[in-house]
Structure formats: C-alpha cells, structure tokens
Amino acid sequence: MMGVMTKRASVLQITPRPMGESLLLRVAGKLTVATVPVFHSTIAAALRSTARTLVIDLREVTDIDARGVGELVKVHTLGQRHNRSIRFLIRNGRVAHLLRLANLNEALTLLEEASEPVPQGESDMPRCLQGSHADDPLYVPEDRP
C-alpha cells in the first residue's frame, strides 16, 4: 500500500490487488494537488507491470480537485501509450459529477456502480466485476455505452 502522510493521518491510500491479467488499484482519500505525485508514481509502476488492464477504483475518493481530474486524463493517455487498457470504477457522486461536467465520461472508460450496500458475506469485489464476468474487467454491462 502506498500513501501520502500528513501529521494526522494518510490523505491518500492506494492498494493494489492482482486480478488475473489485470490489476485493481483501490484509491482512498483525497486526490488533490498534494497527493497527485504519489498517485502518478503508483500508476507509472503499475504500467511497468505485466497487467494488461488497470482498473482504478475511485469509489473511496473523498475529494478531488482540478489537478486530480487532470491526472485521470494523464493516466488514460499513459495507458494508451503503453498499450494498456485503463478503466475507472466510480460511484455516482462527486467524482462522477465532476467527470461529467468536464465531459470526460465520453473520453474515459467509466465503470459505474450504484451506491447500494453490499449484502454481508458477499465479496469485496465491486459488483460490476462480480458474477460470470468477475475475471474480465473489460466487461461493461450491455446497458452501458
């Protein structure tokens, strides 16, 4: 796990989780000008891995600023340069709203998950990655563009 620390607590935590030929990166905390360098270096390391697809889970991002949004675009571009597929897992909320305002929902590949609680005992894997397509993070449900 990587993170940026302040005097009180970590404001950004990134936890990698291999998923076959893919890598899930769970991002929690603030994705702002202060934390973008750690986010960027983590993504750069992930792009040097053998993972063909990076799924960047932004559901636990509590705050994002213009620099954070810009970094998501950079990650998308870096993925293209490295011949990697980049998917962003989001929850309907502040991050999704900002991405839509910037019309980035058309440029970035977003996997959107509703804000429903997960029943106790179910996998901690995102619902959009569960089921018969759990090992295929490239899968986008048919009702999604």
Only one of Glu116, Glu112, Glu122 is in a strand (DSSP E or B), at pLDDT below 85 and farther than 17 Å from Lys30 by Cα, namely Glu112
Restricting region 85-109 to residues that are among the small types (Gly, Ala, Ser), at pLDDT 85 or above and within 19 Å of Thr62 (Cα to Cα), the one surrounded by the most Cβ atoms within 10 Å (Cβ to Cβ) turns out to be Ala96
Restricting region 78-104 to residues that are touching a strand residue (DSSP E or B) at 6+ places or on another chain (Cβ under 9 Å) and without any contact (Cβ under 8 Å) to a residue 24 or more places away in the chain, the one nearest to Arg52 (Cα to Cα) turns out to be Gln80
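The values are calculated or read from the model by the stated rules, or taken from the named source; none is laboratory data. Keep in mind the model is a prediction, meaning the values are calculated, not measured. Cβ sites come from the backbone with ideal geometry, for glycine too, and all protein chains shown count toward neighbours.
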